[in-house]
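Enquirer: Starting off with a structure, shown below.
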Amino acid sequence: MSSLDAWLTLTAAPGIGPRTCAHLVERFGSPEGVLAAAPGVLGELGLKPATINALARPDPEWIASVRA
């Protein structure tokens, strides 16, 4: 996954606004780091299951449509 794809996945996930996005990137070092984080760790940070699932299973069709 490219850096752009990781950013798109992170910012499109339900429940992730600008503050949460900034906090997660600061905590994990990059959007790729956020996406590589264990679901349990993300849950401990307060992310809801729907958000964690969206990060774990990005929609490649949606990403491709945004990039087009």
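Enquirer: So which of A36, A13, A22, A6 is at pLDDT 95 or above and touching an Asp or Glu at 6+ places or on another chain (Cβ under 8 Å)?
Expert: That would be A6, the only listed residue that is at pLDDT 95 or above and touching an Asp or Glu at 6+ places or on another chain (Cβ under 8 Å).
Enquirer: Could you check R67 against (1) at pLDDT below 95; (2) more than 15 Å from M1 (Cα to Cα) and say which number it fails?
Expert: Every listed condition holds for R67 apart from (2).
Enquirer: Still on this structure, I have one more. Output the residues belonging to the range 1-30 that are polar (S, T, N, Q), in contact with a helix residue (DSSP H, G or I) (Cβ under 8 Å, 6 or more places away or on another chain) and part of a helix (DSSP H, G or I).
Expert: S3, T9, T11
Enquirer: What are the residue pairs meeting all of these: first residue in the range 31-60, first residue assigned to a helix (DSSP H, G or I), second residue among the aromatic types (F, W, Y) and surrounded by 13 or more Cβ atoms within 10 Å (Cβ to Cβ), Cβ atoms under 7 Å, and 6 or more apart or on different chains?
Expert: P31/W7; V34/F28
Enquirer: List the pairs whose first member sits in the range 5-27 and is closer than 13 Å to A37 by Cβ, whose second member is hydroxyl-bearing (S, T, Y), and whose Cβ atoms are under 6 Å apart, counting only residues at least 6 apart or on separate chains?
Expert: A13/T51
The values are calculated or read from the model by the stated rules, or taken from the named source; none is laboratory data. If you're wondering where the values come from, they're calculated on a predicted model, not measured in any experiment. Cβ: placed from backbone, ideal geometry, glycine included. Neighbour counts: every protein chain shown.
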